[in-house]
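Asker: Quick one: this structure, given as structure tokens, is what I'll be asking you about.
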Amino acid sequence: MHVVWFKRDLRIRDHRPLAEAAARGRVLCLYVYEPELFATPELGALQLGFINESILELRESLRELGGELTLRVGRMPEVLEELHREHPISAIHSHRETGNRVTFDRDLRVADWARHHGIQWHEWNQFGVIRKLGTRDGWAARWARFMSKPTIKTPGVIAAPTGIRAGEPRGFAELGLTPASQHEVQHGGETRAHETLGSFLRERGAGYRHEMSSPVHAWQSCSRLSPHLAWGNISLKTIFQETKARSVEVKALRKAKADIDRRWLQSLSSFQSRLRWHCHFMQKLEDEPELEFHALNRALDGLRADDFREDYFEAWATGRTGYPLVDACMRGLLETGWMNFRMRAMLMSFASYHLWLPWRPTALHLAANFLDFEPGIHFSQAQMQSGVTGINAVRIYSPIKQVADQDPEGAFIKRFVPELEAVPPEHIAEPHRMPRSVQQELGCVIGKHYPAPIVEHGPAYSQARARIYAARRSPEVRAASEQVYAKHGSRRRPNRRPN
């Protein structure tokens, strides 16, 4: 009996482990709810809901092919041991995972168990992430070659073993989770993933390049594929190849002078670049698993270590900082489980610089509320936005300027911060500067209906800038930055050196 172990790859299309196993004999398709994963601060009921929706469709898809999705709850490899006792396992097939420490340790246990029982475990890449990568030189070319390989054909039939209880999806309570607070979340499943890709490439994506940074437009103009990628409802290779095909189609239409939005080509090109960045950041965690816990630049590991303020963290985490765009982004995230990249960066930057909070507690809060939490991307980005990589530009986003740039009318702010509904555009970035009489007239008194700024922007910005650049100028940090760049730096932009 061949076991296909589904993890973050909840689909049947372009799924090499499934295809390989189906060609070799009877196949037990297995998904395991692992309590130790849901006990981590990064995962919870939000992601579980999406996983369960994906599982329900995956089960139906497998049944149409003659297979079945077997569901179990427990620790790996104990679940495998229990199955093996009653139905001997000849091989395990799965995608290779670049996850957090818990999943890495779990995989080591499974590998030991398989070796002990003389069972082969076949692992295949689903992303352009390379295990035991010797050097970053040439990585982009290797990524492109992998993404250009043909997608894997879905098996026409799956021969399932008999006499094995299928099991049922598990709920929040069974995994010790509190029900999710989000109400406007995306739904999981392979069909929805492909529908989302189709609508982006043919309807929503023309303005992607110029609208992806604005929270007003990003909900429609961004691909919205990130949760489907995080949980494997669709493969990155499929997205890459369909995007490339759409680019060819658009060029042909332009050449034929068809009536097509001129923005398409630039937007598709920008999107393709970000597909590569997806794996670029995952590769960082693959090469250095410790970045989940420690600064990429070890000399910056203690930065902000003694500066954690619970009141600052609580105000930031609940969207009560007194900065409307920061609060709208946090409340929007808590309501929907998604936020566009620029606003994610601003949230992390504000916490790290204006509030001078250490990166890890804030990163974990965001992770728990990201439906699309992907460890390699998230921890790398969290460190970048907090300035502890040593090789990336320091970006201290102004929560005031970002309103002018991204939401000048306050449409997004008012969607998630209804206390500010009556505030006119000229005051929406800094409502505390409205005259008291105007506040009373509008029914929005700062300090009563909406909080006053938790810190003053100018002094907080200046102090943070001075502190971060002083740290980066130290010989220890500069020396460590050279080592970080050699191991992790992008080779596509050689001018981006440590400073």
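The values are calculated or read from the model by the stated rules, or taken from the named source; none is laboratory data. Computed from a predicted structure; not experimentally measured. With ideal geometry, Cβ positions are generated from the backbone for all residues, glycine too; neighbour counts draw on all protein chains shown.
Asker: Kindly evaluate Gln402 against the criterion of being surrounded by 23 or more Cβ atoms within 10 Å (Cβ to Cβ) and at pLDDT 95 or above.
Answerer: Yes: the conditions hold for Gln402.
Asker: Is it fair to say Ser214 is more than 30 Å from Asn125 (Cα to Cα) and of a type in the set (Gly, Ala, Ser)?
Answerer: yes
Asker: Now, a different point. With crowded, with 24+ Cβ neighbours inside 10 Å, of a type in the set (Ser, Thr, Tyr) and within 27 Å of Ser490 (Cα to Cα) as the only criterion, which of Tyr353, Tyr397 stands out?
Answerer: Tyr353
Asker: Let me ask another. Take segment 181-193 and flag every residue that is assigned to a loop (DSSP other than H, G, I, E, B) and under 18 Å from the mean Cα position of the chain (by Cα).
Answerer: Hits for segment 181-193 are Gln182, Glu184, Val185, Gln186, His187, Gly188, Gly189.
Asker: Enumerate the helices (runs of 4 or more DSSP H) found wholly within segment 407-499, keeping only those where 3 or more residues are at pLDDT 95 or above.
Answerer: Per the criteria, 411-416, 436-442, 457-472.
Asker: Moving to a separate point now. Of everything in segment 289-335, what is of a type in the set (Lys, Arg) and under 21 Å from the mean Cα position of the chain (by Cα)? Give them in sequence order.
Answerer: Selection gives Arg331 alone.
Asker: While we're here: Could you say which residue among Ala160, Ala144 is closer than 25 Å to His15 by Cβ, small (Gly, Ala, Ser) and not in a loop (DSSP other than H, G, I, E, B)?
Answerer: Ala144
Asker: Check Gly176 against each of (1) within 30 Å of Thr318 (Cβ to Cβ); (2) without any contact (Cβ under 8 Å) to a residue 60 or more places away in the chain; (3) out of contact with any helix residue (DSSP H, G or I) (no Cβ under 6 Å at 6 or more places or on another chain) and name the one condition it does not meet.
Answerer: (2)
Asker: Quick one: count up the residues across segment 152-184 that are surrounded by fewer than 15 Cβ atoms within 10 Å (Cβ to Cβ) and under 22 Å from Asn369 (Cα atoms).
Answerer: Count: 9.
Asker: Is there any pair with a first residue in segment 342-371 that is among the β-branched types (Val, Ile, Thr) and a second that is buried (at least 21 other Cβ atoms within 10 Å of the Cβ) whose Cβ atoms are under 6 Å apart and which are 6 or more apart or on different chains, and what are they?
Answerer: Sorted first by the residue in segment 342-371, then by its partner, the pairs are Thr362/Ala351.
Asker: Provide a single number: the residues in segment 249-265 that are among the hydrophobic types (A, V, I, L, M, F, W, C) and in contact with a His (Cβ under 8 Å, 6 or more places away or on another chain).
Answerer: The total comes to 0.
Asker: To continue, here is another question. Counting just the residues of segment 63-83 that are closer than 19 Å to Ala22 by Cα and small (Gly, Ala, Ser), which one comes out surrounded by the fewest Cβ atoms within 10 Å (Cβ to Cβ)?
Answerer: Checking each candidate, the answer is Gly66.
Asker: Please tell me if Gln126 is surrounded by 14 or more Cβ atoms within 10 Å (Cβ to Cβ), at pLDDT below 95 and either in the same structural domain as Val27 (by TED's automatic domain parsing) or assigned to a loop (DSSP other than H, G, I, E, B) (or both).
Answerer: For Gln126, the condition - surrounded by 14 or more Cβ atoms within 10 Å (Cβ to Cβ), at pLDDT below 95 and either in the same structural domain as Val27 (by TED's automatic domain parsing) or assigned to a loop (DSSP other than H, G, I, E, B) (or both) - is not met.
Asker: Criterion first (among the hydroxyl-bearing types (Ser, Thr, Tyr) and either part of a helix (DSSP H, G or I) or in the same structural domain as Leu71 (by TED's automatic domain parsing) (or both)) does Thr196 satisfy it?
Answerer: It is true that Thr196 is among the hydroxyl-bearing types (Ser, Thr, Tyr) and either part of a helix (DSSP H, G or I) or in the same structural domain as Leu71 (by TED's automatic domain parsing) (or both).
Asker: Please count how many residues of segment 428-443 are surrounded by 13 or more Cβ atoms within 10 Å (Cβ to Cβ), within 29 Å of His183 (Cβ to Cβ) and either in contact (Cβ under 8 Å) with a residue 24 or more places away in the chain or not hydrophobic (A, V, I, L, M, F, W, C) (or both).
Answerer: Going through segment 428-443 one residue at a time, the tally reaches 3.
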